[in-house]
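Down below is the structure, laid out as structure tokens.
No value in this document is a laboratory result; all are computed from the given coordinates. Remember, predicted model here, so these are calculated numbers, not experimental data. Cβ: placed from backbone, ideal geometry, glycine included. Neighbour counts: every protein chain shown.
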Amino acid sequence: MAGLPDYPQGVRADGLPAVLSDPARLAALEASGQVGSAPEAVFDDLTRLASAITGCGISAITFVGETRTHWKSVPHLPYADVETWQNAVGDSFCYFPVGMNAPFIVEDAATDPRTAGHPAIGPWGVGAWAGFPIVTTDGEAIGSMCVIDPSPRVWKAGDLAALAILARAVSSEVNLRQSLSATRSALSSAEEALASSRTLTRSLQESLLPPVLLPVPELDTAARYLPASGGAEVVGDFYDLFRARGPWWAAMIGDVCGKGVEAAKVTSLARYTLRADAGTHLHPATVLDRLNTAMLDQRAPRFLTAAYATFRTTRAGAAGRLCLAGHPPALVRRADGRVQQLGTSGTLLGVLPTVRLTDVRFRLAPGDLMLLYTDGACEARPRPGATGSRPIFDEAALARALAATHGLDATATIARIATTLHEHHDGWASDDTALLALRVPPAG
């Protein structure tokens with residue numbers, strides 16, 4: 001090639017980045033557990049979303065070793081086996097962002113002095129290429145997320161911003177999996193059971209939710225997704241609980257308007273955008289405002305409501321902030337059984353460029369529980385044609401149901417509310433419901 005990118009550690013004798021052989025980077029790559037792993041829906045969702053956003057026919061997530069590039073997600077190609085889903089490290093552009101530990105953007109691969117004559121141009125049909133590094137928590141670049149256009153193009157700033165968010169989301173997912181190494185075996189069994197027992201629609205729905213909740217030290221947590229009866233389409237109810245930064249944690253729950261693939265795309269964009277920004281911004285209103293901007297930039301076809309909280313444990317229990325974006329208020333069950341609403345009503349996301357969002361501080365003392373939920377829990381209708389007149393299960397009914405769980409832990413509380421909803425509508429759910437509970441165990 002006529003020119004070389006700026007590799008901070010220089011190049012090897014073969015002209016490739018020297019960092020590819022760096023022992024620390026290779027150790028981080030091995031620890032990720034991604035080398036030689038098969039495709040997974042959670043990564044395929046992100047690459048498909050990248051293709052949908054940029055209009056590129058090819059998108060990929062790869063992990064780059066010393067001599068081989070291992071493919072994790074290349075949705076346009078059929079998966080055969082691990083041995084065929086890799087190539088020589090110099091036979092693709094994937095090493096560029098790894099070697100630079102920075103984005104690598106090419107508008108015309110045939111004429112760009114950094115890539116002209118590269119052996120990947122022909123086999124991969126590269127006209128233009130844009131890729132961002134996948135980075136560990138220690139800052140080691142172990143792979144890349146990219147899109148390929150068969151024709152030269154000028155990349156739009158919005159497309160590159162979205163691709164950067166998705167690459168950060170991939171990094172977050174990989175790093176989260178490392179921290180959950182003790183549960184990998186259980187997750188694998190759960191995923192296999194899900195694949196054999198659920199339809200394609202429900203499998204996609206489950207892929208938009210965390211397979212397990214990450215344990216929060218000194219807190220009791222539980223969550224449940226309750227599908228609507230007879231649903232044949234993916235809907236947009238989602239929740240998540242994860243470490244944001246240092247001692248701070250984030251809990252979120254949301255509801256995308258509508259059903260189907262478009263709702264699933266917005267759900268995926270929302271979840272991964274929130275995860276990507278959570279470590280940088282601890283104020284929930286700021287994170288939700290950035291999500292609103294991302295949805296408008298990408299012309300998301302659906303709007304959503306969300307409740308998002310950041311919190312940390314304290315000697316007195318837990319403390320944090322909660323923000324509502326067009327979402328029902330949280331409910332707090334105090335240790336003495338009283339139930340209080342929490343949160344200030346705000347603007348739903350994905351419609352207006354300027355939104356009104358307010359952070360509300362909260363504290364949970366020993367024995368207190370906070371419940372986040374979607375509107376399926378406060379707008380539950382009885383089964384059509386059911387005998388007798390039964391009112392909608394509204395917010396007041398949900399508050400009474402929560403008060404009736406006084407003394408129960410998070411798991412038992414979620415189970416009791418699910419049973420109460422089931423009994424109210426005679427086993428016929430008019431809408432999907434997501435429930436997420438955070439509880440400070442009683443003192444002693």
Checklist outcome for this item: From the Cα centre of region 24-83 to that of region 90-164, the distance in Å is 14
Next on the checklist: Can you compute 3J(HN,Hα) from phi for each residue in region 273-282, using the Karplus curve 6.51 cos²θ - 1.76 cosθ + 1.60 with θ = phi - 60°, rounded to whole Hz and x for Gly and Pro?
Outcome noted: 5, 4, 4, 5, 8, 4, x, 9, 10, 8
Item to check | Per-pair calculated FRET efficiency, R0 = 30 Å: residue 102 and residue 286 via Cβ, rounded to 0.05 | outcome: 0.75
Checklist entry - Any idea what the relative contact order of the chain is, in percent, if you count C-alpha pairs under 8 Å spaced at least 6 apart? => result 12
Checklist entry - Just going by the charge dipole of region 267-335, with Lys and Arg at +1 and Asp and Glu at -1 on Cβ, which of 319, 279, 293 is farthest out on the positive end? => result 319
Checklist entry - With +1 on each Lys and Arg Cβ and -1 on each Asp and Glu Cβ, how big is the dipole of region 298-429 about its Cα centre, in debye rounded to the nearest 20? => result 380
Next on the checklist: Just to be sure I understand the model, the point goes 7 Å from the Cα along the line to the Cβ. What's the resulting residue 224 to residue 160 distance in nm?
Outcome noted: 4.8
Item to check | nm² value of the averaged projected area, convex hull over the Cα atoms of region 30-104 | outcome: 5.3
Next on the checklist: So for each of 322-329, 132-139 I average, over its residues, the number of other beta carbons within 10 Å; can you give me the resulting order with the highest mean first?
Outcome noted: 322-329, 132-139
Item to check | For residue 330, residues with placed amide H under 5 Å, excluding near neighbours | outcome: 342
Checklist entry - Between residue 334 and residue 351, what is the label-to-label distance in nm when each label sits 7 Å out along the Cα-to-Cβ direction? => result 3.4
Item to check | the chain - charge dipole about Cα centre, Lys and Arg +1 at Cβ, Asp and Glu -1, debye rounded to 20 | outcome: 1240
Item to check | Positive-pole candidate from 80, 42, 10, dipole of region 1-94, charges at beta carbon | outcome: 10
Checklist entry - Residues with amide H under 5 Å of residue 351's amide H, sequence separation 5 or more or different chain, H placed in the peptide plane at 1.01 Å from N; which? => result none
Item to check | the chain, helix-only ellipticity at 222 nm - DSSP H runs n ≥ 4, -39,500 (n - 2.57), divided by all residues, nearest 500 | outcome: -9500 deg cm²/dmol
Next on the checklist: Once you keep just the Cα pairs under 8 angstrom separated by 6 or more residues, what percentage relative contact order results for region 1-102?
Outcome noted: 28
Next on the checklist: Please give the Cα centre distance for region 262-288 versus region 307-368, rounded to the nearest Å.
Outcome noted: 17
Checklist entry - Where the only charges are on Cβ atoms (+1 Lys, Arg; -1 Asp, Glu), what is the dipole of region 50-121 about its Cα centre, to the nearest 20 debye? => result 120
Next on the checklist: Using a 7 Å offset from the Cα along the Cα-to-Cβ direction at both residue 18 and residue 296, what is the distance between the two label points in nm, to one decimal?
Outcome noted: 4.7
Next on the checklist: Ranking request for peptides 80-90, 275-285: highest mean number of other beta-carbon atoms within 10 Å first, then the rest in descending order.
Outcome noted: 275-285, 80-90
Checklist entry - When all C-alpha to C-alpha distances in region 393-439 are sorted into bins of 10 Å, what percent of pairs does each bin hold, rounded to whole numbers? => result 25, 60, 15
Checklist entry - Relative contact order for region 285-340 using alpha-carbon pairs under 8 Å, separation at least 6, rounded to a whole percent? => result 27
Checklist outcome for this item: Taking the dipole of region 111-174 about the Cα centre (Lys, Arg +1; Asp, Glu -1; charges at Cβ), the one of 162, 174, 135 that reaches farthest to the positive side is 162
Next on the checklist: Counting C-alpha atoms alone, how compact is the chain: give Rg to one decimal and Dmax as a whole number, in angstrom.
Outcome noted: 23.4, 82
Next on the checklist: Could you tell me the calculated FRET efficiency between residue 30 and residue 4, based on Cβ-Cβ distance and R0 = 35 angstrom, to the nearest 0.05?
Outcome noted: 0.80
Next on the checklist: Suppose the chain between residue 11 and residue 379 were pulled fully straight at 0.36 nm per residue; how much longer would it get relative to their current alpha carbon spacing?
Outcome noted: 126.3 nm
